[in-house]
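Trainee: The structure follows.
Please treat every number below as a calculation from the coordinates, not as lab data. Here the structure is a predicted model, which is why all the values come from computation and not from measurement. With ideal geometry, Cβ positions are generated from the backbone for all residues, glycine too; neighbour counts draw on all protein chains shown.
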Amino acid sequence: MGIVTDKLPGALEKVPGGNVLVTRFDEIINWARASSLWPLTFGTSCCAIEMLMATGGPRHDLARFGAEVARPSPRQADLLILAGTIVKRMAPRLRTLYEQMAEPRYVIATGACTISGGPFIYHSYTTVRGADEIIPVDVYVPGCPPRPEQLFHGLLTLQKMIKEGETIREPGVRRKPVISALPEGITLEDIQGEMKELLVKENVVDVQHAVDKLKWPSGLNESSSGDSGANERGAGDGA
Amino acid sequence: MTVEVSSLKELVEQASGDDRSPDTQEYFVNMGPQHPSTHGVLRLVLKLDGERVLRCIPVLGYIHRSIEKISEHMNYMNCVHLTDRMDYLSSIMNNWAVSKAVEEAAGIEVNSRIQTIRTIFAELERIQSHQLWWGVLGMDLGAFTPFLYGIRDREVLNDVMEETVGARLTMNYVLPGGLMADIHPNFVHRVKEFIKYFRPKLDEYDDLLTNNVIIQERLRNVGILSPQTAVQYGATGPVLRGSGVAFDLRKDHPYGVYDQADFEVPVGTIGDSWDRYWVRVEEMRQSMNIVEQLLDNIPPGDFLVKKLNSKIKIPEGRYYSQLETARGILGVFIVSDKKDEPYRMHYRSPNFNNLWCLEPMIKGDYIASLIGAMSSLDLVIPDIDR
């Protein structure tokens, strides 16, 4: 099957006449969702230059994380990158945009303005103090504006959340929002090195590790061993 | 704003009311606030007859952050930092505009080193702003490659400025009375390297987009703005110069050290989108000329005239100061009541006036031309709404 299955979460069983992939729906759906986030081109002010233009440009290249297909229509997007201040007049429109997006939808709030109101927090009669007063936010990326590397840090955090998070049995239930702030004293080289390492790690998935990660329903985990995993699973469901 | 909303409603009622003629019915289409080509959250209400634009009414306020009101609660040193967020592509020039107004009002003299560094940075920022505009214009007209070229070269320039300033976009470099920091030891060398790198790239830009037949067809004779209309509407910057009016504050009322530099002001002929395009591309060349001339003889001196505390007090009165940003004239109007905070602070932003030129430019033309014409205006929406 080659390159594609190398990255699939699950165990690849060799049987006569081909391969059988043993995995879980949650696992594989979350993997697919995390790896192909389509952002909405939503930028209100300064952060849009850094978040949508600089990251889409050739140096930073959002395409490396599978999130470069920016859609102008909320119907086709599943990631809302809030770039720029939200003011009271824009708030109902933002809510509409969020509701028009198809489920599951994820929100990254970038910049001080969308987190708290930023420099416009005091004495402003229009600024909304934080976009989470209007829509739920999954990941906060602080900065004014954040560097493109910081958005990538936030995006990787969101991918991690998605991979670990939602299940089919409990749709919409996710981990609590996180702040994806870069630690102090970190340099550009550190981030680039870390991203390189992460990308290499993503390329080579340890199959045994993936098998260990699969948590079968109670009772089956002990009895299933190696090749007979798929049969055991089938029997378990029938019982 | 209420007047505008009600008038809009009346217009819609008029159009959709008792129109029983056999001709096409006029109708309204909202463009924005969430639209990929409006460069932000601008809303245009278009009155259409088929694909022809009969009226184009901008509706503002979707990013009104009340910067002018916040400024009334801040001292003059702090006001500067809000201006980066207005026209974020000419942030240093915005800082400079406020600093210039405060310095003139409070009688602070700055030395020629500060003025020279400010001028160099302003011109570098003008190049950076036009690079982004160039890429985005290509993207608006359906070509993605120019965007990649523009951003690629902008990152090179960003690195040079970041070394001194420490920020990529909202730079906060100029203060009343001087600069935040002295220039980096590498600065002069790296700027020279950049200019050596970018001159051939600009010729490449010409090969890629300027001499492209499709771009010429999309821009030539589209969105014609006559010099009379441009002056009437208060258009400034490349929009005004594209219409053939050679008015540039850098030349006509020199500030900084522009009087020491030898440069030309590119002027268009008929005022179509093509002229505005050409003026901006040519401005990048002129800006590089200015930087080259000033770079070798930055005079010695301090980067801050004296350690200013936040209590700059301005004598009672009204003060106005203006300079040329990448988009036109940014004016700063201060009303002082002898305190360390302004009584009223008003910004005359270039984009606001340039925006209203859109309707006379595009009346009777196609919607597709509207996108190209609006892109040639190079609007930054937070500067309009403030």
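Trainee: Once you put a point 7 Å from the Cα of residue A:129 and another 7 Å from the Cα of residue A:76, both along the Cβ direction, what distance in nm separates them?
Mentor: Distance between label points: 3.9 nm.
Trainee: Continuing with the same structure: Any idea what the relative contact order of the stretch A:1-109 is, in percent, if you count C-alpha pairs under 8 Å spaced at least 6 apart?
Mentor: The value is 24 percent.
Trainee: Between the stretch B:95-137 and the stretch B:258-331, what is the separation of their alpha carbon centroids in Å?
Mentor: The two parts, judged by their Cα centres, are 6 Å apart.
Trainee: Explain nothing, just the number: relative contact order of chain B, from Cα pairs under 8 Å at least 6 residues apart, as a whole percent.
Mentor: 24
Trainee: Let me ask you something else. Using the alpha carbon gyration tensor of the stretch A:91-135, what are the three equivalent-ellipsoid semi-axes (square root of 5 times each eigenvalue), largest first, in whole Å?
Mentor: 23, 12, 6
Trainee: So how far apart, in nm, are the two label points at residue B:104 and residue B:264 if each is 7 Å from Cα heading toward Cβ?
Mentor: In this crude spin-label approximation the distance works out to 3.0 nm.
Trainee: Please list the equivalent ellipsoid semi-axes of the stretch A:80-165, computed as the square roots of five times the alpha-carbon gyration tensor eigenvalues, in descending order and whole angstrom. Show your work: numbers first, answer last.
Mentor: Details: eigenvalues 97, 57, 14 Å².
One finds semi-axes of 22, 17, 9 Å for the stretch A:80-165.
Trainee: Related question: Whose amide H sits under 5 Å from the amide H of residue B:236, counting only residues 5 or more places off or on another chain, with H placed in the peptide plane?
Mentor: B:329, B:354
Trainee: Of the peptides A:41-51, B:151-161, how do they stack up when ordered by the mean number of other Cβ atoms within 10 Å, highest first?
Mentor: So the peptides A:41-51, B:151-161, ranked by packing, come out A:41-51, B:151-161.
Trainee: Once you order the gyration tensor axes a ≥ b ≥ c over the Cα atoms, which shape class does the stretch A:66-123 get: rounded for a/c under 1.5, otherwise prolate or oblate by comparing a/b with b/c?
Mentor: prolate
Trainee: Separate question: Once you sort the root eigenvalues of the Cα gyration tensor of the stretch A:53-97 as a ≥ b ≥ c, which label holds: rounded (a/c under 1.5), prolate (a/b larger than b/c) or oblate (the other case)?
Mentor: In terms of gyration-tensor shape, oblate.
Trainee: When N counts the residues of chain B, how does its alpha-carbon radius of gyration compare numerically with 2.2 N^0.38 Å, as a ratio?
Mentor: Computed over Cα atoms of chain B, the ratio equals 1.02.
Trainee: When Cβ neighbours within 10 Å are restricted to other protein chains, what is their mean count per residue of peptide A:137-147?
Mentor: Mean partner shielding for this stretch: 2.
Trainee: Okay, moving on. Trypsin sites (Lys or Arg not before Pro) within the stretch B:273-359: which are DSSP loop residues with at most 16 other Cβ atoms inside 10 Å?
Mentor: Details: sites: B:276, B:280, B:285, B:306, B:307, B:311, B:313, B:318, B:327, B:338, B:339, B:344, B:348; in loops: B:306, B:307, B:311, B:313, B:327, B:338, B:339.
Here the trypsin sites (Lys or Arg not before Pro) that fit, given the DSSP loop and packing criteria, are B:306, B:307, B:311, B:313, B:338, B:339.
Trainee: Obtain the nm distance between the two label points defined at residue A:190 and residue B:28 by a simple spin-label model: each point lies 7 Å from its Cα along the Cα-to-C-beta direction.
Mentor: 5.4
Trainee: Please list the helices of chain B that count as membrane-span-like by this rule: a mean Kyte-Doolittle hydropathy of at least -0.5 together with Cα atoms stretching 15 Å or more along the helix axis, each helix being a complete DSSP H run.
Mentor: Working: long enough: B:2-16 (21 Å, 0.07); B:91-106 (22 Å, 0.10); B:112-140 (41 Å, -0.11); B:145-165 (30 Å, -0.25); B:187-205 (25 Å, -0.71); B:273-295 (33 Å, -0.62); B:367-377 (16 Å, 1.75).
Counting only whole DSSP H runs, the qualifying helices are B:2-16, B:91-106, B:112-140, B:145-165, B:367-377.
Trainee: Return the average number of partner chain Cβ atoms within 10 angstrom of each residue Cβ along peptide A:40-53.
Mentor: If you average over the peptide's residues, the count of other-chain Cβ atoms is 6.
Trainee: Using every pair of alpha-carbon atoms in the stretch B:297-348, split the distances into 10 Å bins beginning at 0 and state the percent of pairs per bin, rounded to integers.
Mentor: Taking all Cα pairs of the stretch B:297-348, the binned fractions are 21, 31, 37, 11, 0 percent.
Trainee: Just report the Cα centroid separation between the stretch B:49-70 and the stretch B:168-239, whole Å.
Mentor: Rounded to whole Å, the Cα centres lie 25 Å apart.
Trainee: Residue B:149: net charge of surrounding residues, Cβ under 13 Å, Lys/Arg +1, Asp/Glu -1, itself excluded?
Mentor: -2
Trainee: Let me ask you something else. In the stretch B:189-292, how does Rg compare with the Kirkwood Rh, expressed as the Rg/Rh ratio over alpha carbon atoms?
Mentor: Radius of gyration over Kirkwood radius for the stretch B:189-292 works out to 1.02.
Trainee: For the stretch B:35-108, list log₁₀ I(q)/I(0) at each q in 0.17, 0.18 Å⁻¹, using the Debye formula over Cα point scatterers of equal strength and ignoring solvent, two decimals each.
Mentor: -0.77, -0.82
Trainee: 222 nm [θ] for chain B, helices only, -39500 (n - 2.57) per DSSP H run of 4+, per residue, to 500?
Mentor: -15000 deg cm²/dmol
Trainee: If you don't mind, there's one more thing I want to ask. In sequence order, what are the phi-derived ³J(HN,Hα) couplings for the stretch A:140-145 according to the Karplus relation 6.51 cos²θ - 1.76 cosθ + 1.60 with θ = phi - 60°, rounded to whole Hz, with x for glycine and proline?
Mentor: Values per residue, Gly and Pro as x: 9, 10, x, x, 9, x Hz.
Trainee: May I pose another question? Beyond 19 Å, what share of the Cα-Cα pairs of the stretch B:267-357 is found? Please give it as a whole percent.
Mentor: Result: 66 percent of Cα pairs exceed 19 Å.
Trainee: Sticking with this one: Which residues' amide hydrogens lie under 5 Å from the amide hydrogen of residue A:46, considering only partners 5 or more residues apart or on another chain, with H built in the peptide plane?
Mentor: Counting only residues 5 or more places away or on other chains, the set is A:85.
Trainee: List every residue whose amide H lies under 5 Å from the amide H of residue A:117, counting only residues 5 or more places away in sequence or on a different chain, with H placed 1.01 Å from N in the peptide plane.
Mentor: A:130
Trainee: Treating only the Cβ atoms of Lys and Arg (+1) and Asp and Glu (-1) as charged, compute the dipole magnitude of the stretch B:199-324 about its Cα centre; round to the nearest 20 debye.
Mentor: About 740 debye.
Trainee: Would you mind putting A:79-91, B:191-203, B:28-40 in packing order, based on average other-beta-carbon counts within 10 Å, highest first?
Mentor: Peptide ranking by packing, descending: A:79-91, B:28-40, B:191-203.
Trainee: Once you average over the residues of A:54-66, how many Cβ atoms of partner chains fall within 10 Å of each Cβ? Write out the running numbers ahead of the final one.
Mentor: Working: counts 7, 1, 5, 11, 7, 8, 2, 1, 0, 0, 0, 0, 0.
Average per residue, whole number: 3.
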